[in-house]
Amino acid sequence: MNNASGIVSYGYNVPRYRIRAEEIARVWGADGKRISKGLNVIEKSVPGIDEDTATISVEAARMALKRRGIDGKRVGAIFVGSESHPYAVKPTGTIVGEAICASPEFYCADLEFACKAGTAAMQIVHSMVMSGMIEYGLAIGADTSQAAPGDTLEYTASAGGAAFIFGKEGVIANLNTTASFTTDTPDFWRREGAHYPSHGGRFTGEPAYFKHTQGAARMLMEKIGTTPSDYDYAVFHQPNGKFPLEVGRMLGFEKKQLDTGLLSPLIGNTYSGASPLGLCAILDEAKEGQRIFMTSYGSGAGSDAFDFTVTGEIGKVDRKKTLREMIADCERVDYAIYSKMREKLRRD
Amino acid sequence: MSAPGYWREIPQRYNLLASRCGVCGDVDFPPRVMCQKCRRESIGRMERVGLSGRGNIVTYSILHTGMPAFSDQKPYVIAIIETEEGPRLTAQIVDCRHDDVKIGANVKSVFRKVNEDGKEGIISYGYKFTLVKE
């Protein structure tokens with residue numbers, strides 16, 4: 001029996017609106033150039049008034065199905081990871097299932113684990129495919145994250161998402177192994193009913209992002225006996241443009257391995273979509289035999305590490321239009337329009 | 001819109017589900033249970049088909065005084081679109097500069113939020129359209 005499972009197709013969606021970090025700084029009387037350089041974030045994506053995690057998920061899922069000609073009815077599981085599901089109670093996954101014509105025969109649940117819920121979805125559908133429960137499984141990481149006006153997070157909290165179809169046939173990237181590193185670390189949270197999240201400032205760095213990302217990355221490499229030099233590409237969770245470069249350096253990866261998957265300088269932190277979108281950018285240019293290392297991070301806290309090998313099937317995927325081209329096709333808005341789009345203005 | 005009303009229209013709103021007459025082949029959107037041309041002959045011979053989501057703009061208007069659900073998006077573009085399969089429908093054109101909207105322009109459907117029943121009610125999703133860049 002063939003137990004191997006991997007990515008059969010992928011899709012992505014990034015809203016076309018952008019706001020520059022310097023524009024946000026202008027409103028709050030901060031030094032925009034210094035903040036932009038310090039975070040290594042030029043601008044971030046902003047969802048349109050009619051976009052949310054469900055619309056981003058559906059568009060990404062439809063792209064993934066279309067580029068390999070897979071009928072939605074063959075998708076046996078849909079798991080959507082996000083911290084900004086449109087409903088507190090009512091799944092995003094059912095909306096996606098109906099929109100790709102997978103209904104009614106599919107396993108489904110929404111996941112929440114801050115910025116790593118999308119990679120947790122990947123582990124779940126990968127396992128279900130390996131076990132033989134389903135032919136294809138759809139894992140989505142998507143967010144339209146919010147940040148309090150004036151908070152440091154506002155320079156990065158953005159929107160976007162990626163979808164991956166896992167299966168055994170027509171695999172473009174074998175998932176060789178995965179590992180998770182999880183602890184109870186209160187670095188970032190949002191209480192029930194609260195509109196904006198809270199965070200521990202500098203506490204989100206060393207004991208949170210860096211400890212967990214390195215923990216999962218090292219755990220995976222020790223498990224299979226690899227070193228950073230065994231990989232052609234690496235992508236890490238990117239809450240800004242600085243942390244992923246720093247953690248890559250700490251682990252022994254070179255900048256050239258990280259450049260392709262580093263999108264946060266252009267679109268900010270897409271939360272559950274962050275490392276999955278980085279993986280999409282890598283798959284847009286990867287060639288047969290190349291190896292990809294990915295590690296996500298979700299506050300609260302945990303990291304999921306993955307080891308992929310690209311197969312010859314990648315040549316069968318329509319890659320004429322790339323994620324970076326989608327990102328480049330954008331429209332900039334000022335803080336006033338951004339405030340309206342993100343419903344930051346009180347009208348009651 | 002009531003939850004049952006929204007739920008009944010999910011197939012056409014999410015996936016542009018239309019009907020095709022098994023007698024004359026005419027495609028209708030929203031789907032019909034009986035062909036308006038073939039009438040009784042079409043009973044039991046109507047099939048469901050999904051529209052491709054591609055088409056072109058027949059005509060359009062830029063609305064400066066919008067419906068309450070769209071007031072935050074004004075000015076916005078509403079167009080009559082002729083789909084590849086024939087049926088015409090009315091939809092919002094999004095993610096575009098108004099100057100770029102032209103009669104005859106190619107468009108494709110996208111999945112968007114159409115309405116919210118307040119902050120505690122259901123969210124209605126469905127089709128809107130974007131310009132296809134050649």
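The values are calculated or read from the model by the stated rules, or taken from the named source; none is laboratory data. Just so it is clear, the structure is predicted and the values come from calculations on it, not from any experiment. Here the Cβ positions follow ideal geometry from the backbone for every residue, glycine too, while neighbour counts run over all protein chains shown. Accessible surface areas use protein heavy atoms only, side chains included; no ligands, DNA or RNA. Shrake-Rupley method; radii C 1.70, N 1.55, O 1.52, S 1.80 Å.
The rows are residues; the columns are (1) assigned to a helix (DSSP H, G or I); (2) within 20 Å of residue A:123 (Cα to Cα); (3) of a type in the set (Gly, Ala, Ser); (4) within 19 Å of the chain's Cα centre (by Cα).
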position	(1), (2), (3), (4)
A:221	yes, yes, no, no
A:257	yes, no, no, yes
A:260	no, no, no, yes
A:276	yes, yes, no, yes
### Message
Within region A:62-90, take every residue that is within 19 Å of the chain's Cα centre (by Cα) and assigned to a loop (DSSP other than H, G, I, E, B) and give me the one that is surrounded by the most Cβ atoms within 10 Å (Cβ to Cβ).
### Response
A:82
### Task
Select, from A:139, A:102, A:109, A:88, the only residue that is touching a helix residue (DSSP H, G or I) at 6+ places or on another chain (Cβ under 8 Å), within 12 Å of chain B (Cβ to nearest Cβ) and closer than 29 Å to residue A:48 by Cβ.
A:102
### Pair list, Cβ < 7 Å and 6+ apart or interchain, from region A:243-269 residues that are touching a residue at least 60 places away in the same chain (Cβ under 8 Å) to residues that are open to solvent by 20 Å² or more (accessible area, probe 1.4 Å)
A:245/A:255; A:265/A:40; A:265/A:42; A:266/A:42; A:269/A:239
### Query
Looking only at region B:2-20, which residues are part of a helix (DSSP H, G or I) and within 12 Å of chain A (Cβ to nearest Cβ)?
B:3, B:6, B:7, B:10, B:11, B:12, B:13, B:14, B:15
### Query
Between residues in region A:172-197 that are among the acidic types (Asp, Glu) and residues that are open to solvent by 50 Å² or more (accessible area, probe 1.4 Å) and not in a loop (DSSP other than H, G, I, E, B), which pairs lie under 7 Å by C-beta distance while being six or more apart or on different chains?
A:187/A:199; A:187/A:203
### Query
Pick from B:74, B:119, B:128, B:113: which is within 14 Å of another protein chain (Cβ to nearest Cβ), more than 19 Å from residue A:66 (Cβ to Cβ) and buried (at least 18 other Cβ atoms within 10 Å of the Cβ)?
B:113
### Query
Does any residue of region B:31-40 turn out to be crowded, with 18+ Cβ neighbours inside 10 Å and within 14 Å of another protein chain (Cβ to nearest Cβ)?
no
### Query
Taking the stated definitions as given, is residue A:288 open to solvent by 10 Å² or more (accessible area, probe 1.4 Å), among the charged types (D, E, K, R) and under 20 Å from residue A:166 (Cα atoms)?
yes
### Query
How many of the residues making up region A:3-16 are touching a Phe, Trp or Tyr at 6+ places or on another chain (Cβ under 8 Å) and aromatic (Phe, Trp, Tyr)?
1
### Query
If you go through region B:77-110 one residue at a time, how many are buried (at least 20 other Cβ atoms within 10 Å of the Cβ), within 11 Å of chain A (Cβ to nearest Cβ) and closer than 21 Å to residue A:18 by Cβ?
1
### Task
Please work out if residue A:239 is free of Cβ contacts under 8 Å to residues at least 60 places away in the same chain and open to solvent by less than 50 Å² (accessible area, probe 1.4 Å).
no
### Message
Anything in region A:1-52 that is open to solvent by 30 Å² or more (accessible area, probe 1.4 Å), in contact (Cβ under 8 Å) with a residue 40 or more places away in the chain, closer than 30 Å to residue A:292 by Cα and not aliphatic (A, V, I, L, M)? List them, or say none.
### Response
A:2, A:3, A:16, A:17, A:38, A:40
### Query
Out of A:162, A:173, which single residue is modelled with pLDDT of 95 or more, in contact with a Pro (Cβ under 9 Å, 6 or more places away or on another chain) and closer than 21 Å to residue A:270 by Cβ?
A:162
## Note on the structure
Restricted to region A:327-342 and to residues being among the acidic types (Asp, Glu) and within 23 Å of the chain's Cα centre (by Cα), the residue surrounded by the fewest Cβ atoms within 10 Å (Cβ to Cβ) is A:329
### Message
Looking at the structure I just gave you, is residue A:321 touching a residue at least 40 places away in the same chain (Cβ under 8 Å), assigned to a loop (DSSP other than H, G, I, E, B) and within 14 Å of chain B (Cβ to nearest Cβ)?
### Response
no
### Query
residue A:192: of a type outside the set (Val, Ile, Thr), more than 30 Å from residue A:75 (Cα to Cα) and open to solvent by less than 10 Å² (accessible area, probe 1.4 Å), yes or no?
no
